[in-house]
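So the structure is just underneath, and the comments pick up after that.
The values are calculated or read from the model by the stated rules, or taken from the named source; none is laboratory data. In this text, all values refer to a predicted model and were calculated from it rather than measured experimentally. All Cβ positions, glycine included, derive from the backbone under ideal geometry; neighbour counts span all protein chains shown. Surface accessibility is based on the protein's heavy atoms, side chains included, excluding ligands, DNA and RNA. Shrake-Rupley method; radii C 1.70, N 1.55, O 1.52, S 1.80 Å.
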Amino acid sequence: MRVVILAPVGRDAALLARTLSGLEIDTVVSQDAGVLMKMLAEGAGAAIIADEALTSSELSVLKIWLSSQPPWSDMPFVVLTSGGVPTRESHLRARELRALGNFTLIERPVRPDTVESSILAALRARMRQYEIRSRQEALVQANADLEQFAHSASHDLREPLRTIGIYSDLLARDYGNQLDERGNEFLNLIGRSVSRMDALLGDLLSYSHASSISGEEIEPTPSARALEAALKNLDGSILESNARISIAEMPTVRMRESHLSQIFQNLLGNAIKYRKEGEPPVIEISTRKSESHWIFTITDNGIGIPAAYKEAIFGIFQRLHTANKYSGTGMGLAICKRIVERYSGQIWVESEFGEGARFSFSVPS
Ligand code: ADP
C-alpha cells in the first residue's frame, strides 16, 4: 500500500522521505490536489497533506471525492498543520477536515516518531478496510448464489410437480373405478401432497422474490390502499369467520404498495386463521409514529403464541400446528420479516398464550 503525499517541502519533505523509506513504504509526491485525487483513485493506503496545500476549492474537490467513496472505505489522512498558536484560518480548516472523515492532525515541527506511528496506524486501518471489503464481497456473492439456488429450486421443482398432479388426476378420472377404496385413498393422498408442495414452493418463491427488493428510494404510498387490497383478498375468510376489523387512520409510508399489502394479508390472514374456536375474530389495526418510521400493530383475540416461540415463528417453515388443524406453510411471517427488513424496518410479536396476539412492524415514513 503506497502513501500519497501532497506538497510537504523543505525540512518536512526530508523527514517524511527518511521515515517512510525506513519503514519500506512506497510513496508518491504530488504538487497539487488534482494529482492527489487521481493517485487516491488509483488506490492508496494513506495520504499525507500539508494543510496550507489545500485551497478551499481543492478542499471541496476532496469533499466530493470522499462522499463518492464506497461504504467500506474510510481513507486515512495525516495532515501537517502549522505549529505554535493556531491561526483562526488553520483552526477552522482543522475543524472542517475532522468533520470530513478519517483525518489525523499533526502539529509542526513534525517529529519522526509521531509521523511513523501515525502512518503505521493509518496503514493498519486501511488494511482492515480492504479486508472488510473482500469479506463483504465474498458474502454478497455467497448470498446471491444462495438466492439464485432457492429461486431456481423452487421454480424448477414446480414443473415436474405439475406433471405429477395432472397424471394423478387423470389416473383418478380414467382408472378410478378399477381401483378399490384403498387405491383411491392413495390417489387422494398424492393429490393433497401435490397441492401442499405447490403451496410450499410458491411461498419459497415469494420469499426469494422478497430478497431481491432493492434499497431504492420509494415515493410515499398511502397504506390505506395496500390494506384495502389485502382486505379484498381476504374477503371470503372475513365473511366466513364473521370477523370484525377496526382500522385506525392510515398514514403514508415509503414501501411499495404490493409489499405492504402482502404483509397486511399475511398478518390479517393469521389473525383470522388462528382464532379461538366458537369465537369470531376481533381485530384492531392501529398505527403510531416513531422517529423516521410508522409502526403498524395488528391485535387479535385468537389463540395467542407461547412465549418460547415468539422469535421462532418468523423463521422459514416454522409452524406451531399440524396442517390438519390449521392450513399453512410456515412461510407467511418469514416473508413479512424479509420484506420489512429490506426496508430497514422490524417486525415483532407480543402475546400471552391463549390471550390473543399483537403483531407490530415498522415502515419508513
Ligand atoms: P403459517 O400460518 O402458514 O403456519 P406463518 O409464518 O404465517 O405460517 O406463521 C407461523 C406460525 O406462527 C403459525 O403456524 C402459528 O403457529 C403462529 N401464528 C402466526 N400468527 C398467529 C396469530 N395471529 N395467532 C396465533 N398464532 C399465530
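Per-structure values
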read-out	value
Candidates LEU268, LEU234, filtered to the one that is hydrophobic (A, V, I, L, M, F, W, C), crowded, with 18+ Cβ neighbours inside 10 Å and touching a strand residue (DSSP E or B) at 6+ places or on another chain (Cβ under 7 Å)	LEU268
Residue count, segment 117-158 (criterion: under 23 Å from the mean Cα position of the chain (by Cα) and of a type in the set (Val, Ile, Thr))	2
Tally of residues being outside any loop (DSSP other than H, G, I, E, B) and either near the ligand (Cβ under 8 Å from one of its atoms) or surrounded by fewer than 19 Cβ atoms within 10 Å (Cβ to Cβ) (or both) across segment 283-294	6
ILE298 being more than 6 Å from the ligand (Cβ to nearest atom) and closer than 16 Å to ILE347 by Cβ	yes
Enumeration of residues in segment 67-98 that are under 31 Å from the mean Cα position of the chain (by Cα) and open to solvent by 30 Å² or more (accessible area, probe 1.4 Å)	SER67, SER68, GLN69, PRO70, PRO71, TRP72, ASP74, ARG98
Residue in segment 322-335 that is most open to solvent (accessible area, probe 1.4 Å), counting only those that are free of Cβ contacts under 8 Å to residues at least 24 places away in the same chain and within 11 Å of the ligand (Cβ to nearest atom)	LYS325
For GLU350: the one exception among (1) near the ligand (Cβ under 7 Å from one of its atoms); (2) open to solvent by 70 Å² or more (accessible area, probe 1.4 Å)	(1)
So SER223, is it surrounded by 15 or more Cβ atoms within 10 Å (Cβ to Cβ) and touching a residue at least 12 places away in the same chain (Cβ under 8 Å)	yes
Any hit, segment 299-306, residues being open to solvent by 60 Å² or more (accessible area, probe 1.4 Å) and either free of Cβ contacts under 8 Å to residues at least 12 places away in the same chain or in a strand (DSSP E or B) (or both)	no
Residue match in segment 243-258 (condition: assigned to a loop (DSSP other than H, G, I, E, B), modelled with pLDDT of 95 or more and over 32 Å from the mean Cα position of the chain (by Cα))	yes
Residue match in segment 204-212 (condition: more than 28 Å from HIS151 (Cα to Cα) and not acidic (Asp, Glu))	no
Residue in segment 271-282 that is nearest to the ligand (Cβ to nearest atom), counting only those that are closer than 29 Å to SER211 by Cα and open to solvent by 30 Å² or more (accessible area, probe 1.4 Å)	TYR274
Unique residue being open to solvent by 20 Å² or more (accessible area, probe 1.4 Å) and in a helix (DSSP H, G or I) when the list is ARG319, ARG358, ARG338	ARG338
Test: residue in segment 15-22 that is outside any strand (DSSP E or B), within 40 Å of the chain's Cα centre (by Cα) and farther than 30 Å from GLU131 by Cβ	no
